[in-house]
Amino acid sequence: MAIHREEKLNSLLSTIPEGVLVPSKWLVQRGYSRQILNGYARRGWLEQAAHGVYYKPGSKLDWQSLALGLQHYLNHDLYLGGKTALELQGYAQYLRLGSKSVIELWGSDHLPGWVTKVSDELNTDVLRRNKSLFKSSLGQEFFTDYPSRVRDWTIRITKPELAILEVLSLVTHSEASFIHAAELMQGLSTLRPKLLNRLLQSCTHVKTKRLFCFLASYFQYSWFKHLDLEQVDLGSGKREVTKGGEYNSEFQITVPKDYQSKF
């Protein structure tokens with residue numbers, strides 16, 4: 001019996017990599033009862049980051065530990081999107097301030113309760129996004145795998161074409177919010193029209209689509225002329241993007257004065 005228990009422990013420790021948070025739900029499903037896990041933790045064979053989640057002793061934890069645990073062990077429909085995805089792909093580092101990590105998790109699944117406590121311990125802000133922007137679920141062509149520091153494991157993130165639409169969908173009525181999004185858009189000179197056309201035709205968020213088209217036109221990107229806007233529903237009537245801003249008649253939105261004056 002003791003040999004069996006030792007084999008069970010060795011099997012677990014050889015399976016889970018260092019630096020990844022392992023939810024107890026996954027462990028229980030594989031025959032490790034909560035009583036056994038508590039015993040492992042008491043003996044120092046596992047560390048408990050919070051109630052319901054463990055990791056290998058001696059591991060260095062960071063935001064990747066959390067993202068990998070959610071995606072690989074819980075198979076959650078959660079991915080890194082928006083500004084986080086742009087940042088990881090080299091489009092937003094110059095906007096990053098401070099030492100605190102910030103990750104945007106998009107998708108339909110709820111976060112486990114342990115995420116809040118663990119993110120505080122890791123000095124990480126986890127921003128949960130569950131906005132529904134499209135008519136139906138998106139295919140794999142709009143996502144990419146970001147290499148992690150763990151083995152050959154990857155983190156699922158959105159490609160820039162989708163990430164910038166996610167960013168624009170969060171723009172509030174303030175001028176600062178608009179400018180921040182515009183700064184992120186400014187570096188996207190190599191977006192792919194094929195992906196953009198499919199996204200824009202499926203997107204149900206009129207203000208996001210109009211703002212995207214305005215900024216693409218404003219920055220005079222070469223890919224903008226390859227978009228089939230006749231197939232994109234831009235809605236009708238005016239939309240207030242920036243409160244107190246100036247009206248752009250082409251896309252029927254209000255924008256900061258400096259942007260409209262140079263349009």
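Phi angles across the range 53-59 convert, under the Karplus curve 6.51 cos²θ - 1.76 cosθ + 1.60 with θ = phi - 60°, into 3J(HN,Hα) values of 8, 10, 7, 6, x, x, 6 Hz, Gly and Pro given as x.
For SER136 and GLN29 in the same chain, what is the full-extension length gain: residue separation times 0.36 nm, less their Cα-Cα distance, in nm? The partial results should precede the final answer.
Values: separation 107, 0.36 × 107 = 38.52 nm, distance 3.12 nm.
Here the answer is 35.4 nm.
Given (i) -0.28, -0.55, -0.87; (ii) -0.23, -0.47, -0.80; (iii) -0.32, -0.59, -0.86, which label gives log10 I(q)/I(0) by the Debye sum over Cα atoms at q = 0.07, 0.10, 0.13 Å⁻¹ as computed from the coordinates? For log10 I(q)/I(0) by the Debye sum over Cα atoms at q = 0.07, 0.10, 0.13 Å⁻¹, the calculated option is (iii). Antiparallel beta bridges, as assigned by DSSP with both residues in the chain, represent about 70 percent of the total such bridges.
Which whole number of Å³ per residue matches the convex hull of the alpha-carbon atoms in the range 2-158?
Values: hull volume 19.9 nm³, N = 157.
Considering the Cα atoms of the range 2-158, their hull volume per residue is 127 Å³.
Only Lys, Arg, Asp and Glu carry charge here, each on its Cβ (+1 for the first two, -1 for the last two); on that basis the chain has a dipole of about 420 debye about its Cα centre. Each residue of the range 224-230 was assigned a 3J(HN,Hα) from its phi angle through the Karplus curve 6.51 cos²θ - 1.76 cosθ + 1.60 (θ = phi - 60°); the sequence is 5, 6, 9, 7, 8, 5, 5 Hz, with glycine and proline shown as x.
Given only helices, namely DSSP H runs of n ≥ 4 each adding -39500 (n - 2.57), what is the per-residue ellipticity at 222 nm of the chain, to the nearest 500 deg cm²/dmol?
Values: 11 runs with 99 residues, N = 263.
Computed mean residue ellipticity for the chain: -10500 deg cm²/dmol.
Give, rounded to the nearest 20 debye, the magnitude of the charge dipole that the range 171-261 has about its Cα centre when Lys and Arg contribute +1 at Cβ and Asp and Glu contribute -1 at Cβ.
Numbers: 11 positive and 9 negative charges, 49 e Å.
The calculation lands at about 240 debye.
Quickly rank 67-78, 144-155, 191-202, 159-170 as a protection proxy: mean count of other C-beta atoms within 10 Å, highest first.
Values: 67-78: 19.7, 144-155: 14.8, 191-202: 17.6, 159-170: 23.1.
By packing density, highest mean first, the sequence is 159-170, 67-78, 191-202, 144-155.
Relative to the current alpha-carbon distance between GLN48 and ILE179, full extension at 0.36 nm per residue lengthens the span by 42.9 nm. Which log10 I(q)/I(0) values does the range 171-261 give at q = 0.17, 0.19, 0.20, 0.24 Å⁻¹ under the Debye formula, counting every alpha carbon as one identical point scatterer? For the range 171-261, the Cα-only Debye profile gives -0.70, -0.89, -0.98, -1.37. Listed peptides 135-142, 236-243 appear in the order 236-243, 135-142 once ranked by packing, highest mean of other Cβ atoms within 10 Å at the front.
Throughout, read-outs are computed from the coordinates displayed, never taken from laboratory work. Everything quoted here is computed from the prediction, not taken from an experiment. A quick note on method: Cβ atoms are made from the backbone with ideal geometry, for glycine too, and the neighbour counts reach across all protein chains shown.
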